[in-house]
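Read-outs: derived from the displayed coordinates by stated rules, not from any lab. Quantities reported herein were computed from a predicted structural model and do not represent experimental measurements. Positions of Cβ are generated from backbone atoms using ideal geometry, with glycine treated the same way; all protein chains shown enter the neighbour counts.
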Amino acid sequence: MVAATQGVDAAPKIALREVVWLDKATAFRPLTGGLQVQVGKAVVRISALRDDILRVQISPDGRFSRDASWAVLPQAQHHTVSVRAFSDRGAVGFRTASLKVRVQRSPFRLVVEDLTGHVISADAAGRPVEFHGASFEAHKTMPEGTHYFGLGDKTGPLDRRGESFTLWNTDAYGFQESTDPVYKSIPFFIGVTADGRSYGLLLDNTWRSWFDFGKAARDSLAFGAEGGALDYYLMAGAAPKDVVRDYAYLTGPSPLPPLWSLGYQQSRYSYMSDAEVRGIADRLRADKIPADVIYLDIDYQNRDRVFTVNKQTFPDIAKLATDLRKEDLRLVAITDLHIAHLPNQGYAPYDSGVAGDNFVKNADGSTYVAPVWPGPSVFPDFTRAKTRVWWGGLYKDFVEDGISGFWNDMNEPAIFETPTKTMPLDVVHRIDESGFSRRNASHAEIHNLYGMENTRATYEGLLQLAPDERPFVLTRASYAGGQRYALTWTGDNTASWNHLRLSVPMLLNLGLSGFAYSGADVGGFGGSPNADLLTRWMEVAAFTPFYRNHSVKGSLQREPWVDGPAQEAIRWHYIEERYRLLPYIYALADENARTGLPLMRPIFLEFPDVLNARADFGYEFLLGDHLLIAMPPYGESLVPFDVPLPKARWYDYWTGLEVTTAASNDARSSGIATIQENPALAVLPVFVRGGTILARQPLVQSTAQTPDGPLQLDVFPGRDCTATLYWDDGHSLEYKRGAFLRQTLHCDTLQDGLALTFDAREGSYAPWWKSIEVVLHGWDANSARAAIAGTAMTTRLNAKARTVSVVVPDQAGRAELLIEQ
Ligand code: GLC
């Protein structure tokens, strides 16, 4: 028996133009938790990491790298389950508790089925795997009716079917709907078949890679890379949500972010001075616009030199940070990775970087120098553990100054004055990292990983400097697994209605690809939005995970007040709603940290049936599993529009009243209902699914403030009525030591009313609320009585809103609230 991870310490070596394809399987031998197959010169290893997760490694010459993975966690990668081998005339293979893996002998073909014989993923019938010199390609069948999602922030529609994509991190300033590649490379997709079964595939390869979902050949799904190993993971799930969880198991979920990162954030390229930042802060507070963060873009620095401050315009940044904290605002500062090339000028980041040999080199061994914002720059070698430690230490002064979070931009890496917009492929990086053989690697291998390792260095450095604070790192570029270190945004979008629409599938696919905390620059980075566009964007983004208004230099100002009081009032209302919703949103953050399920979800994640409907759900989204946001699909149009809704009871978020939907008369859309909406700038259509217990809080101006009053629970009766409350101190790691509050609630409709059950609380954190106001919607009776644990409570009826409310003391233990006629 050979362990699946054993192998020689080398990448496959085949001659430059040699073509190797997998033809006939010639020999088999069992592996721990799997099987090894000889196919001519090539060797295929298939191992079961879990009953529902397989790893497939294929080498053209039988040599396998021993390196660990940048994406996959070691504990997941090294786990195996026992399998039962089988062999028949045509195939050999094994079974796990949920999968059957068949390797057809001749021609070679890998087919993975569930135990009922449904194919999950199958190699294409002819030449499914080919190696051409250092590159490879793999072909799989692409059944009709299967939909594909993922690949991070790639542009285009939500469903990837019919499209092809290149993964090569690119500074895509001014990207449009069909621009490819863009900033991130996340070689992971989810396939959902017509009958709702799902699987995921992660190609763990950092080289320039590509995915083709039936574009080159109609029914063929193909992927490949220019170099590196053919090493992929297959995840099988009964439903798409299972695959999302499996991917989080492999690559790790995002850690719980600081609560303030879920508040409203005001940015601009750039607020140019201390006085301008204070002016923004004062206006936010004077206009009572809730906000948590103001950003410092590159102009706070001295001549764009990272880790410096322009003392003329920002004379005392520590005092600025302290004064803003008094207004319950925090500062986030940009710290790009490029370091000005300033030998012998006393620039500490450069000098200490040289002293530690921390910069990447040209093929001839000299330091690679290239222009970015500060002019000629050098670039940290983030795949060296020592370089990451050095980089992390550079944050010391800023952390001491009270800057709360950091923004790692330009980390594709972006290079100016070169057509490729990045480093030459032969720039040399060093890999010096536990789990990896120590070696030099070309930029071609490291490019897609570079941004992620930049954020890893920042994240780990911040944890060293402030060991009990949750680090906040924002990144533009990343790779699979990068969600462990940073939040992200979709880069330099444009101020257009089209880009507002485009932001929805981009953020949804990022969420499915591990990045639960993503946002698009509100208003659009490039250009200047008209007043209505900015208002609508402020509305939609209030329901997306990362809510930041940001704009390019030279564009019109874009703070909430810029278009006069009528527009400001609408924007203000939506920012306030965001803050009221924080208990709901924070519970989603806790769920994400435990399961990997994103905060912002495509409709099909909760209602897989919609994939078979003719209706277009691609620009609707869910926040969690209870709120559905349906922006007008054509922003400027004043024509009424139909909102398709999946099968459920739905309530209007703003009125709390149940909505009446029209059943679709299209046979393929059975179960889909529609509701007609008239576009009104002040109203973003938002719906609450029946079966919701929606937690909200009294209004605050910042997450630094403690809400004053009861926690509000709005109960919208319906099926599967359950919710989880979560709270903690919002910023430290004490929650890992038990200082959190988690509590599950259920509601059950009774003949004459409703029972709301509080399960016993987990964790030791005492919340800010002392009482809970329960508002039950859809109450038509003209009387109501309520009792909790046998004690009668006063009720309040509102006939117009069709609600009954009752305020009860906070319930830490198991309790039942009965509301009856
Ligand atoms: C890049 C970023 C943008 C930032 C600018 C200046 O274009 O994507 O967000 O404002 O650089 O730092």
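What the table below lists for this structure:
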| item | result |
| --- | --- |
| At 1.002 mPa s and 20 °C, Stokes diffusion of the chain via Kirkwood alpha-carbon radius, µm² per second | 77 µm²/s |
| Cα shape, the range 78-205, gyration tensor, a/c 1.5 rule | prolate |
| Cα-based Kirkwood hydrodynamic radius, the range 654-739, one decimal, Å | 16.9 Å |
| Separation between Cα centres of the range 599-678 and the range 107-144, rounded to whole Å | 36 Å |
| Calculated Rg and Dmax of the range 195-237 using C-alpha coordinates, Å | 12.0, 36 |
| Histogram of C-alpha separations across the range 541-631, 5 Å bin width, % | 3, 12, 17, 19, 16, 14, 11, 6, 3, 0 |
| Convex hull (Cα only) mean projected area of the range 442-501, reported in nm² to one decimal | 5.8 nm² |
| Relative contact order (percent, whole number), the chain, Cα cutoff 8 Å, 6+ residue spacing | 10 percent |
| Computed over the range 714-764, Kirkwood Rh from alpha-carbon pairs, angstrom | 12.5 Å |
| Peptide ranges 284-291, 151-158 listed from the most packed, as the mean C-beta count within 10 angstrom indicates | 151-158, 284-291 |
| Expected-Rg normalisation [2.2 N^0.38 Å, Cα atoms] applied to the range 106-145 | 1.35 |
| Per DSSP, loop chymotrypsin sites (Phe, Trp or Tyr not before Pro) in the range 287-347 with at most 11 further Cβ within 10 Å | none |
| Candidate aspartates and glutamates - alpha carbon under 12 Å from K100, same-chain residues fewer than 8 apart omitted | D51, D52, E113, D114 |
| Length released on extending from H78 to E677, taking residue separation times 0.36 nm less the Cα-Cα span | 210.4 nm |
| Rough spin-label spacing in nm, given labels placed 7 Å along Cα→Cβ, for D61 and A286 | 7.1 nm |
| Where labels lie 7 Å past Cα in the beta-carbon direction, separation of S764 and H118 in nm | 4.6 nm |
| Kirkwood Rh and Cα Rg combined as Rg over Rh, evaluated for the range 667-821 | 1.02 |
| Normalised contact order of the range 32-184, rounded percent, pairs of Cα under 8 Å and 6 or more residues apart | 11 percent |
| Mean Cβ count within 10 Å, highest first, over the residues of peptides 447-459, 224-236 | 447-459, 224-236 |
| The range 722-768 versus the range 164-234: alpha-carbon centroid distance in Å | 39 Å |
| Cα convex hull volume per residue for the range 480-544 (Å³) | 69 Å³ |
| Size-normalised alpha-carbon gyration radius of the range 245-373, reference 2.2 N^0.38 Å | 1.35 |
| Entries in K288/K326; K319/K396; K154/K184; K154/K647; K361/K386; K140/K215 that, when Cα-Cα distance is taken, lie over 18 Å | K154/K647 |
| Ranked packing of 357-368, 189-200, most packed first, by mean Cβ within 10 Å | 189-200, 357-368 |
| Efficiency of FRET between S434 and E18 - r from beta-carbon atoms, R0 35 angstrom, step 0.05 | 0.55 |
| Extension gain, F28 back to S352 (0.36 nm per residue minus Cα-Cα distance, nm) | 111.3 nm |
